[in-house]
Amino acid sequence: MGKKIKKIFFNGEEYPPETFRLGMMLCMVGGFMDAYTFVTRGKVLANAQTGNVVYLAINLQRGDFGKAFNYFMPILVFTFGILFTEFIRVKFEKHRIFRWQQIVIFYQVIIMFFISFIPPNHLNMLVNVIISFIAALQYQGFKKIHGVNGATTMCTGNLRSSMEFLSQFIMTRDKKSFYNFLVYIGLISFFAIGATLCAVLVHFFKNYALLFCCVLQFIVFLVMFKQKI
């Protein structure tokens, strides 16, 4: 039983706990980025574009085009980030030393390091669109972690998948389905932990709290030299 607990099962294959920890770190980054822009940059959700679309529509209906523009730009730049990530994938997919996702992480760390020195309430629009760009890089670069679809920065898909696997377990008593359910719940939990940690660190360190994400992503960069994704 102990050995089974140390294994995570997906689609009939066994995945090492280290790979699951990689997913948890990425989820923490996603939650941290969303909380950071919401708390310090005018309540814009740089990671969850669904919320920005809702805020955009509400402000357009109210005729507040200035606020609507603040939500439109992160959405637009997020789409550019997806396109840029695909360019990186095509160019570096067969790189002999680095995985192309590591190139994506490298860009994220460098960009995030510099914007962490921009004080709150200064250049909020610029910071929001840059973090939206970074969020797009991560979302597109890690659509799957060792076969786990959508298990990085977006909670909606993870929540749906968790309930799907739970229903399979209830109906079939298949242990693999239950393990999958626990994995998705774990990823959602670490997204929330990342957001909570951001709120705490921002309280003490203001904009410099973003440096924590740089450290976390650099660890992900190093882990990918050894772990499959």
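The values are calculated or read from the model by the stated rules, or taken from the named source; none is laboratory data. Since the model is a prediction, treat every value here as computed from it, not as a measurement. So basically every Cβ, Gly included, is an ideal-geometry build from the backbone, and we count neighbours across all protein chains shown. Areas reflect the complete protein model, heavy atoms only, side chains present, ligands, DNA and RNA absent. Shrake-Rupley method; radii C 1.70, N 1.55, O 1.52, S 1.80 Å.
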**Request:** Keeping the other protein chains in place, figure out the carbon and sulfur percent of the accessible area of the chain, with a 1.4 Å probe.
**Result:** 69 percent
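Not counting the cut sites, what is the longest span of the chain without chymotrypsin sites (Phe, Trp or Tyr not before Pro) that DSSP labels loop and that have at most 11 other Cβ atoms within 10 Å?
Free of exposed loop sites, the longest segment is 1-116.
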**Message:** If I take every Cα pair under 8 Å that is 6 or more residues apart in the stretch 69-185, average their sequence separation and divide by the length, what percent do I get for the relative contact order?
**Reply:** 25 percent
**Message:** Helix-only estimate, please: 222 nm mean residue ellipticity of the chain, summing -39500 (n - 2.57) across DSSP H runs of length 4 or more and dividing by its residues, to the nearest 500.
**Reply:** -24500 deg cm²/dmol
**Message:** Let me check the size of the stretch 70-117 from its C-alpha atoms; what are the radius of gyration and Dmax in Å?
**Reply:** 12.8, 41
**Rounded accessible area per residue of the stretch 39-84, 1.4 Å, Å²** = 56 Å²
**Asked** Over all directions, what mean area does the Cα convex hull of the chain project, stated in square nanometres?
**Response** 13.9 nm²
**Whole-Hz couplings from phi, Karplus 6.51/-1.76/1.60, listed for the stretch 54-66; x for Gly and Pro** = 5, 4, 4, 5, 4, 6, 5, 5, 7, x, 8, 6, x
**Request:** Give me the number: length gained by fully extending ARG160 to ILE97, i.e. 0.36 nm times residue separation minus the C-alpha to C-alpha distance, one decimal in nm.
**Result:** 19.1 nm
